[in-house]
Amino acid sequence: MKKISVIIPAYNEEEVLPQLVERLNTVSETISQYEFEFLFVNDGSSDRTLELLRELNQQDQRMQYVDLSRNYGKETAMLAGFDHVTGDGVVIIDADLQHPPEVMQEMISWWEQGYEDVYAVRKKREGETFLKVLTSKLYYKLVQKMTPEKVFPQAGDFRLLDKKCVVALRQLRESERYTKGMYGWIGFKKKEISYYAEERAAGVTKWKWSKLFKLAMDGVTSYSTVPLKIWSYIGFIISFLAFIFLAVEITKTLLFGTNAAGYPTLLAAILFLGGIQLISLGVIGEYLGRVFVETKGRPPYFTRESSIENEQKTTDEIEVTPTDKSVDEKNEKDESLL
Ligand code: UDP
Ligand code: MG
């Protein structure tokens, strides 16, 4: 029997959890020819999410959880999920039911036909503001233009990954993560399906505009060096135009004289170039910051507790420290020598 693991990152989702679990249960009953594992990653929730997850685990052994030591963000929570799942196929799904679990059935059938990454593209965004839809459209267009790998527009994290993809993703351990770009980067055989996005079932969205901006920046700067290079071209073009402008002005002054009206143009030029310089400094800073974070080589996350059995075993093993044993043996030997 093949096993399907479902990764559910959850940050303050106590309100939707009961509904979600009900839906997951019904779906797993209809797709009964597979064994299921539901792995909730509690991303440092400050509400009762963890307590609920513990209860769920008590009632149903298929419901597992990993509790992260603080809020790391969805990208890192997903990595924690990849690290702990054991299934042959792995589905990632939002806790708020915006990703209807019923779509899994279709995903699985494509997976059975040999596709290794079946991703769902949303057809309509219910309950999302016009501005959010517009900005995300523009953003994906931009990313597409700048990155060598294909980031599939509108395709989120709602997808089924074959075990091979998960093993690959586990090895990409940068802390400033942009998983949407990674799916493209790792390759494997992809299949697009579509679904209708629903409104968040309960609770509030954890996205802030600042977060969205950060994700957008991460997306561009972790997959492309275009922003780093583009400024030299722009600088060259501007300098060239400025040179021509200067030549024209000099000729004009020599031929017709001047009425000393250079002040506004001068100011405009200075401010314009100043702005460009600040932007390019910012871009360099963005990359430098990334290098700084990655060179520290910190583990991307820490777990506080987990319901997964073999993990508990490994921590038990650590408690019976083998070094202590060998020290005891050594002491015994030393005593016998005496
Ligand atoms: N999430 C998370 N950590 C965070 C923010 C969000 O694990 O810091 C989870 C959240 O619980 C949900 C998913 O990521 O399962 C998507 O979040 P949300 O619905 O708030 O985002 P939106 O759908 O509005 O983009
Ligand atoms: Mg949501």
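The values are calculated or read from the model by the stated rules, or taken from the named source; none is laboratory data. Please read all numbers here as calculations on a predicted model, not as lab measurements. A quick note on method: Cβ atoms are made from the backbone with ideal geometry, for glycine too, and the neighbour counts reach across all protein chains shown. Just the protein is used for accessible areas: all its heavy atoms, side chains included, with ligands, DNA and RNA removed. Shrake-Rupley method; radii C 1.70, N 1.55, O 1.52, S 1.80 Å.
Quick notes on this one:
- Condition check for TYR233: open to solvent by 60 Å² or more (accessible area, probe 1.4 Å), away from ligand 1 (no atom under 12 Å from the Cβ) and not in a helix (DSSP H, G or I): no
- Residues (closer than 10 Å to SER5 by Cα and within 15 Å of ligand 1 (Cβ to nearest atom)) located in segment 50-83: GLY81, PHE82
- Selection status of LEU228, within 16 Å of ligand 2 (Cβ to nearest atom) and either in contact (Cβ under 8 Å) with a residue 40 or more places away in the chain or in contact with a His (Cβ under 7 Å, 6 or more places away or on another chain) (or both): no
- Per-region count, segment 24-71, residues open to solvent by less than 20 Å² (accessible area, probe 1.4 Å), among the aliphatic types (A, V, I, L, M) and under 25 Å from THR205 (Cβ atoms): 8
- Residue within segment 197-220 that is within 30 Å of ALA77 (Cα to Cα), in contact with a strand residue (DSSP E or B) (Cβ under 7 Å, 6 or more places away or on another chain) and within 16 Å of ligand 2 (Cβ to nearest atom) present: yes
- Output for segment 1-24, where each listed residue is under 19 Å from THR86 (Cβ atoms) and out of contact with any helix residue (DSSP H, G or I) (no Cβ under 6 Å at 6 or more places or on another chain): MET1, LYS2, LYS3, ILE4, SER5, VAL6, ILE8
- Applying the set (1) in contact with a helix residue (DSSP H, G or I) (Cβ under 6 Å, 6 or more places away or on another chain); (2) away from ligand 2 (no atom under 16 Å from the Cβ); (3) without any contact (Cβ under 8 Å) to a residue 40 or more places away in the chain to VAL27 leaves exactly one unmet item: (3).
- Among the residues listed as ARG48, ARG122, ARG54, the single one being farther than 21 Å from ALA168 by Cα and within 16 Å of ligand 2 (Cβ to nearest atom): ARG122
- Selected residue (criterion: modelled with the lowest pLDDT) from residues of segment 26-61 that are assigned to a loop (DSSP other than H, G, I, E, B) and farther than 22 Å from LEU79 by Cβ: SER32
- Scanning segment 77-100 for residues that are surrounded by 23 or more Cβ atoms within 10 Å (Cβ to Cβ), in a helix (DSSP H, G or I) and within 16 Å of ligand 2 (Cβ to nearest atom) gives a single hit, ALA77.
- Complete set of residues in segment 101-117 that are closer than 13 Å to ILE4 by Cβ, more than 16 Å from ligand 2 (Cβ to nearest atom) and open to solvent by less than 10 Å² (accessible area, probe 1.4 Å): MET104, MET107, ILE108
- Only residues that are within 15 Å of the chain's Cα centre (by Cα), in a helix (DSSP H, G or I) and either surrounded by fewer than 15 Cβ atoms within 10 Å (Cβ to Cβ) or within 14 Å of ligand 1 (Cβ to nearest atom) (or both) were counted across segment 166-209, and they come to 4.
- Odd one out for GLY219, checked against (1) open to solvent by 30 Å² or more (accessible area, probe 1.4 Å); (2) within 23 Å of ILE284 (Cα to Cα): (1)
- Checked across segment 43-50, the condition of being hydroxyl-bearing (Ser, Thr, Tyr) and free of Cβ contacts under 8 Å to residues at least 12 places away in the same chain holds for no residue.
- Residues of segment 1-25 classified as out of contact with any Gly (no Cβ under 9 Å at 6 or more places or on another chain), outside any strand (DSSP E or B) and aliphatic (A, V, I, L, M), total: 5
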